[in-house]
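A.B. asks: Before we start, here is the structure in question, set down as structure tokens.
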Amino acid sequence: MNHAPDSPSPVRPVRPQDLPRLVELIHEHVAYERSTPRPADLADRLGPLLFAEDTRLRVLLAETPDGTVAGYAACSEEFAFWDAASYLHMDCLYLTEEARGHGLGAALMAGVADLARERGLGHVQWQTPDWNEGAVRFYDRLGATGRPKRRYAWPV
């Protein structure tokens, strides 16, 4: 991860013992984005997927200086058919409200970019609700470009 050699990075990969805190953050994120509640057994469902040897899922955690896990980025490798190339899809990025504005979001994004480079992927894609103006400003400051599309979900 990108950080000064004399200071530890506030971003690290998730560990099994982080699962309860990660699930708390997911539920906060779901509420923040005004989405429908997720299943109560989320930890039981995520654990085997996160820590399987052949997992495509990567989760990075952001910690405050006192070691509190205050955010996460969840990513997986995907394929862009039109480009005939794989990319890193960042499905979620979330920081607790009190952790925002202290550089942890930028550190998470740097960690995501490092992860993409380590995996030989040329770019990262993600989405954010258009009403989330703070996130839009943050991503614009990073130099990311938005692409207007509507996302659909189809239960089958």
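A.B. asks: If you go through region 143-156, how many residues are open to solvent by less than 100 Å² (accessible area, probe 1.4 Å) and at pLDDT below 70? Full working, then the answer.
C.D. replies: Our first condition is that a residue be open to solvent by less than 100 Å² (accessible area, probe 1.4 Å); within region 143-156, this holds for 143-144, 146, 153.
Still in the list and also at pLDDT below 70: 153.
Residues in region 143-156 being open to solvent by less than 100 Å² (accessible area, probe 1.4 Å) and at pLDDT below 70: 1 in total.
A.B. asks: Against the condition of a type in the set (Asp, Glu) and either at pLDDT below 95 or more than 16 Å from the chain's Cα centre (by Cα) (or both), how does Asp18 come out, does it pass? Walk me through how you get there before you give the answer.
C.D. replies: Values: of a type in the set (Asp, Glu): yes; either at pLDDT below 95 or more than 16 Å from the chain's Cα centre (by Cα) (or both): no.
Against the criterion (of a type in the set (Asp, Glu) and either at pLDDT below 95 or more than 16 Å from the chain's Cα centre (by Cα) (or both)), Asp18 does not qualify.
A.B. asks: Of the residues that sit in region 6-19 and are in contact (Cβ under 8 Å) with a residue 24 or more places away in the chain and open to solvent by 50 Å² or more (accessible area, probe 1.4 Å), which one is farthest from Cys92 (Cα to Cα)? Give the derivation first.
C.D. replies: At the first step, the residues of region 6-19 found to be in contact (Cβ under 8 Å) with a residue 24 or more places away in the chain are 9-14, 16, 18-19.
Restricting the remaining residues to those that are open to solvent by 50 Å² or more (accessible area, probe 1.4 Å) gives 13, 16.
Details: Pro13: 14, Pro16: 19 Å.
This residue is Pro16.
A.B. asks: Follow-up question, since we're still on this one. Return the residues of region 102-142 that are at positive phi and at pLDDT below 90; say none if nothing qualifies. Lay out the reasoning, then the answer.
C.D. replies: Here is the first cut: in region 102-142, the ones at positive phi are 103, 120.
Residues satisfying the conditions do not exist here.
A.B. asks: Given (1) over 13 Å from the mean Cα position of the chain (by Cα); (2) without any contact (Cβ under 8 Å) to a residue 24 or more places away in the chain, where does Pro65 come up short, assuming only one miss?
C.D. replies: With respect to (1) over 13 Å from the mean Cα position of the chain (by Cα); (2) without any contact (Cβ under 8 Å) to a residue 24 or more places away in the chain, Pro65 is out only on (2).
A.B. asks: Related question: Pairs needed: first member in region 106-127, over 11 Å from Leu88 (Cα atoms); second member anywhere, of a type in the set (Ser, Thr, Tyr) and part of a helix (DSSP H, G or I); C-beta distance under 9 Å; at least 6 residues apart or different chains.
C.D. replies: Met109/Tyr139
A.B. asks: Also, quick follow-up: When Phe138 is evaluated against the numbered criteria (1) closer than 22 Å to Pro8 by Cβ; (2) open to solvent by 30 Å² or more (accessible area, probe 1.4 Å), which criterion, by number, is the only one it fails?
C.D. replies: Of (1) closer than 22 Å to Pro8 by Cβ; (2) open to solvent by 30 Å² or more (accessible area, probe 1.4 Å), only one is false for Phe138: (1).
A.B. asks: Tell me which residues, restricted to region 68-85, are more than 18 Å from Tyr139 (Cα to Cα) and open to solvent by less than 40 Å² (accessible area, probe 1.4 Å). If you could, list the steps in order and put the result at the bottom.
C.D. replies: Residues of region 68-85 that are more than 18 Å from Tyr139 (Cα to Cα), as a first pass: 68-70, 76-85.
Listed by number, the residues that qualify are Val69, Ala70, Ser76, Ala80, Ala85.
A.B. asks: Would you check which residues across region 20-54 are hydroxyl-bearing (Ser, Thr, Tyr) and surrounded by 10 or more Cβ atoms within 10 Å (Cβ to Cβ) and list them?
C.D. replies: Within region 20-54, the first condition is being hydroxyl-bearing (Ser, Thr, Tyr), and the residues that meet it are 32, 35-36.
Correct list: Tyr32, Ser35.
A.B. asks: I'd like the residue in region 10-36 that is assigned to a loop (DSSP other than H, G, I, E, B) and touching a strand residue (DSSP E or B) at 6+ places or on another chain (Cβ under 6 Å) and, out of all such residues, is nearest to Ala113 (Cα to Cα). Write out each step before concluding.
C.D. replies: First pass over region 10-36, keeping only residues assigned to a loop (DSSP other than H, G, I, E, B): 10, 14-15, 33-36.
Now drop any that are not touching a strand residue (DSSP E or B) at 6+ places or on another chain (Cβ under 6 Å), which leaves 10, 14.
Details: Pro10: 15, Val14: 16 Å.
Per the stated criteria, the residue is Pro10.
The values are calculated or read from the model by the stated rules, or taken from the named source; none is laboratory data. Bear in mind the structure is a predicted one, so any value in this text is a computation, not a measurement. Cβ sites come from the backbone with ideal geometry, for glycine too, and all protein chains shown count toward neighbours. Each accessible area value is taken on the protein alone, full model and side chains, heavy atoms only, with ligands, DNA and RNA left out. Shrake-Rupley method; radii C 1.70, N 1.55, O 1.52, S 1.80 Å.
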